[in-house]
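Asker: I'd like to ask you about the structure that follows.
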Amino acid sequence: MALGARPDMTETASSPDNRNLSERSYDLLRRDILHGKLFPGEKLHIDNLSERYGIGKVPLREALNRLSSEGLAERKSHRGFFVAPISMSELDELVKTRIWLETLALREAISNGDDAWEDALVVACHRLNRTQRLLPPDSGSEISDSWEMRHKEFHLLLLEPCGSSWLLEFCSSLMDRAVRYRNLSMNSNPSQLRREGAVAEHQEILDAVLERDTDKASALLTDHYQTTLSGLRHAIKDDVLESEVFPARAASR
């Protein structure tokens, strides 16, 4: 150690640099879990993560504790951290809850939304549909990230004038959870590409919103999520963990 060096001083939990690194660690880990780059049930070795992201251990532990509180990671006594498992029953509950909250928010948004909101929705839907049309069969992570961004942008904008920041925050969090299942389904079954029918479904939802037809828009949004759920059943079986959905990956550990 060099003269005067003070080990771990750059990683004290209270330092501004460490807080910034903790946020970066959280963002990177959360992204890789949601995008299916870190698999359900996978052990999250601090040393490996530190090497992977080029970040010290203290910020990574803080990020893992935060992800544990959100249900994306699990801390097991004397065993460390693991990526949270998945199950079809959890996905069923997730979709059901999304439908409850988002149809409520959509009804309020249609009631409150103005012309500027409608214009923004038209642009967001156009960008999403254009991004989907440009997706090649073997779309890479950069294009996938672009689609995910456009997709969430459109769905959140549908709800934006609902009048409740709490409701929007809950809906945003559930959208992210759904992204994880969608990406994991494509990792386990690459032939399960994005549904072509989704383009028409998004357009139909937009048209109903522009017509201010609350019942129709809510029904279309419900059908949209239920159709997506049915498609995921081909890749994710009832109440299975990562070792069953991704057997080759599990056997290698």
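Asker: Could you check, for the stretch 187-205, whether at least one of its residues is among the basic types (Lys, Arg), part of a loop (DSSP other than H, G, I, E, B) and at pLDDT below 95?
Answerer: yes
Asker: Mind checking which pairs have a first residue in the stretch 9-31 that is within 14 Å of residue 64 (Cβ to Cβ) and a second that is modelled with pLDDT under 65 and surrounded by fewer than 12 Cβ atoms within 10 Å (Cβ to Cβ), Cβ under 9 Å, 6 or more apart or different chains?
Answerer: Qualifying pairs under 9 Å: 22/13.
Asker: While we're here: Which residue out of 58, 95 is among the hydrophobic types (A, V, I, L, M, F, W, C) and in the same structural domain as residue 226 (by TED's automatic domain parsing)?
Answerer: Only one candidate qualifies: 95.
Asker: So if I check each of 77, 111, which one is more than 20 Å from the chain's Cα centre (by Cα) and without any contact (Cβ under 8 Å) to a residue 12 or more places away in the chain?
Answerer: It is 77.
Asker: Next question, about the same structure. Does the stretch 38-51 hold any residues that are free of Cβ contacts under 8 Å to residues at least 12 places away in the same chain and surrounded by 15 or more Cβ atoms within 10 Å (Cβ to Cβ), and which are they?
Answerer: If the condition is that a residue be free of Cβ contacts under 8 Å to residues at least 12 places away in the same chain and surrounded by 15 or more Cβ atoms within 10 Å (Cβ to Cβ), then 50 is the only one that fits.
Asker: So, in the stretch 130-180, of the ones that are outside any helix (DSSP H, G or I) and modelled with pLDDT of 75 or more, which residue ends up nearest to the chain's Cα centre (by Cα)?
Answerer: 164
The values are calculated or read from the model by the stated rules, or taken from the named source; none is laboratory data. Since the structure is predicted, the reported quantities are computational estimates derived from the model, not experimental observations. In this analysis, Cβ positions are derived from the backbone assuming ideal geometry, glycine residues included, and neighbour counts consider all displayed protein chains.
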